[in-house]
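> I am attaching a structure below and will ask some questions about it afterwards.
The values are calculated or read from the model by the stated rules, or taken from the named source; none is laboratory data. Remember, it's a predicted structure, so these values are computed and weren't measured experimentally. Quick reminder, even Gly has a Cβ in these numbers, built from the backbone with ideal geometry, and neighbours come from all protein chains shown. Surface areas here come from the heavy atoms of the whole protein model, side chains and all, with no ligands, DNA or RNA. Shrake-Rupley method; radii C 1.70, N 1.55, O 1.52, S 1.80 Å.
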Amino acid sequence: MPEGDTVYRTAVHLDQALAGRPLTVSDIRVPTFATVDLVGQTVDEVVSRGKHLLTRVGDVSIHTHLKMEGSWHIYKHGTKWRRPAYAARIVLENADWVTVGFDLGIVEVVPRDREDDVVGHLGPDLLGPDWDEGEALLRLSSDPARPVVVALLDQRNLAGLGNELANEVCFLRGIDPHRPVGEVPDLAGVVKLAQRVILANRDRVDRTFTGDTRPGMQDWVYGREGRPCRRCRTRIRHDQTGANELQLRDTYWCPHCQR
């Protein structure tokens, strides 16, 4: 699933294409909202909230989520779409641009003053203008027995981290990702680093945690099971961590560097 930095960039690009322009086409291809017509209304802005997107038009917000398969494309008029039309879930056009949401996991239209109904459960947004480190710490600390990597991935604690970011942050802090939150000696340091790392990567297409942007060199541990640690040469390990089968997440760590 795309992580918060990817969704942030998607919001920026959509905002550049749509904001301040009236819609000439409003085609929502999900049954519940198929009759919604926003043609003629001006898009005020497109913003991200964790891994969620909100396109604000008039009195409503179009709430979308990429989930695992979704993506937004932006085209000039007359350009051939790079994905089949049957995969489009929503099409928004203005005089200059065509934006298409393909295979989106969520597409819904809500009154703008009820956005909290769809994103109000989220914790502080790591890339949001209202980022609140103290609130994120309180939420993370509320379940001290929970593995730290699972707590970091819970969007109700802090919004934006995905598997890669959470695993890499644990490595950079030298923390075994299975360690209970209550036993992490400097949880505030973990949160500060998570915010710095996602902020540093929000404008990159290819994120990096090592400082090296070459393919295959960007990560310390994520996706590197069985390969030598870049620091100590110990083999990277992998398992799935979570409270139940529905919550299992891929976890990567170096047993020497992360104790």
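> Using a 1.4 Å probe and counting only protein heavy atoms, arrange 115, 108, 69 so the residue with the most accessible area comes first. The partial results should precede the final answer.
Details: 115 25, 108 50, 69 125 Å².
Solvent-accessible surface, decreasing: 69, 108, 115.
> Also, quick follow-up: Check which residues have an amide H placed less than 5 Å from residue 71's amide H, if you skip close sequence neighbours.
Excluding prolines and chain starts, which carry no amide H, the hits are 102, 104.
> Please give the charge dipole size of the chain, origin at the Cα centre, charges +1 on K and R Cβ atoms and -1 on D and E Cβ atoms. Round to the nearest 20 debye.
Numbers: 34 positive and 37 negative charges, 252 e Å.
Around 1220 debye, computed over the chain.
> Compare 103, 5, 206 by solvent-accessible area with a 1.4 Å probe and give them largest first, with all protein chains kept in place.
Numbers: 103 45, 5 0, 206 95 Å².
So the residues, ranked largest to smallest area, are 206, 103, 5.
> Whole-Hz ³J(HN,Hα) for each residue in region 192-209, computed from phi via Karplus 6.51 cos²θ - 1.76 cosθ + 1.60 with θ = phi - 60°, x for glycine and proline: what do you get?
Those phi angles translate into 4, 5, 4, 5, 5, 5, 5, 5, 5, 9, 5, 9, 9, 6, 10, 5, 9, 10 Hz.
> Using only the Cα atoms of the chain, construct the convex hull and provide its projected area averaged over every direction, in square nanometres to one decimal. Mind showing how you got there, number by number?
Details: hull surface 58.9 nm².
So the Cα hull casts an average projection of 14.7 nm².
> Then there's this: Could you run the Karplus curve 6.51 cos²θ - 1.76 cosθ + 1.60 with θ = phi - 60° over region 175-188 and give me ³J(HN,Hα) per residue in whole Hz, x for Gly and Pro?
Residue by residue, region 175-188 yields 10, 4, x, 7, 5, x, 3, x, 9, 7, x, 9, 5, 4 Hz.
> Now, a different point. Please compute the Kirkwood hydrodynamic radius over region 118-259, one decimal place, Å, based on all pairs of different Cα atoms. Could you put the intermediate results ahead of the total?
Working: mean 1/r = 0.0653 Å⁻¹.
Across region 118-259, the inverse of the average 1/r is 15.3 Å.
> Accessible surface of residue 217 in the full protein assembly, 1.4 angstrom probe, to the nearest 10 Å²?
My reading of the accessible area for residue 217 is about 70 Å².
> With a 1.4 Å probe and every protein chain left in place, tell me how much accessible area residue 176 has, in Å² to the nearest 10.
So the heavy atoms of residue 176 present about 40 Å² to solvent.
> Name the residues whose placed amide hydrogens come within less than 5 Å of the amide hydrogen of residue 29, ignoring near sequence neighbours (fewer than 5 apart) on the same chain.
Sorted by chain and number, the residues that satisfy this are 90, 91.
> Starting from the Cα gyration tensor of region 10-57, take the square roots of the eigenvalues, sort them a ≥ b ≥ c, and report rounded, prolate or oblate (rounded when a/c is under 1.5, otherwise prolate if a/b is larger than b/c, else oblate). Before the final figure, lay out each step's value.
Numbers: a/c = 2.47, a/b = 1.25, b/c = 1.98.
Oblate, because a/c is 1.5 or more while a/b does not exceed b/c.
> If a/c stays under 1.5 just call it rounded; otherwise compare a/b with b/c (prolate if a/b is bigger, oblate if not). Do that for region 44-90, with a ≥ b ≥ c from the square roots of the Cα gyration tensor eigenvalues. Don't skip to the answer; put the middle values down first.
On the way: a/c = 2.30, a/b = 1.44, b/c = 1.60.
Taking the square roots of the gyration eigenvalues as a ≥ b ≥ c, region 44-90 is oblate.
> Still on this model: Which FRET efficiency value, to the nearest 0.05, is calculated for residue 41 and residue 240 with the Förster distance at 51 angstrom and r the Cβ-Cβ distance? Intermediate results must be reported in sequence, preceding the final value.
Numbers: r = 45 Å, r/R0 = 0.88.
Efficiency, from the Cβ-Cβ distance: 0.70.
> Ordering 178, 256 by how much accessible area each has at a 1.4 Å probe, largest first, what is the list?
Values: 178 55, 256 90 Å².
Descending accessible area places them as 256, 178.
> Taking the Cα centre as origin and putting +1 on Lys and Arg beta-carbons and -1 on Asp and Glu beta-carbons, what dipole magnitude results for region 1-143, to the nearest 20 debye? Before the final figure, lay out the partial values.
Working: 15 positive and 23 negative charges, 171 e Å.
Result for region 1-143 is approximately 820 debye, rounded to the nearest 20.
> Let me ask you something else. How much length is gained on full extension from residue 196 to residue 25, taking 0.36 nm per residue of separation minus their Cα-Cα distance? Walk me through the numbers on the way to the answer.
Working: separation 171, 0.36 × 171 = 61.56 nm, distance 3.88 nm.
57.7 nm is the gain from fully extending residue 196 to residue 25.
> For the chain, modelled as a Gaussian network with Cα springs under 10 Å, which listed residue fluctuates most, 112, 233, 202?
233
> Hey, another quick one. Please list, in chain and number order, the residues 5+ apart from residue 43 or on another chain whose amide H is under 5 Å from its amide H, with Hs placed from the backbone.
20, 21, 23
> Can you work out ³J(HN,Hα) from phi for every residue in region 39-49, in order, using Karplus 6.51 cos²θ - 1.76 cosθ + 1.60 and θ = phi - 60°, giving whole Hz and x for Gly and Pro?
Once θ is set to phi - 60°, the couplings for region 39-49 become 4, x, 8, 8, 6, 7, 5, 10, 10, 9, 9 Hz.
> What accessible surface, in Å², does a 1.4 Å probe find on residue 114, ignoring ligands, DNA and RNA and rounding to the nearest 10?
130 Å²
> Compute the helix-to-body angle for 4-18: its Cα long axis versus the longest principal axis of the chain, expressed 0 to 90° and rounded to tens.
Taking the Cα atoms of the chain, the angle to 4-18 is about 20 degrees.
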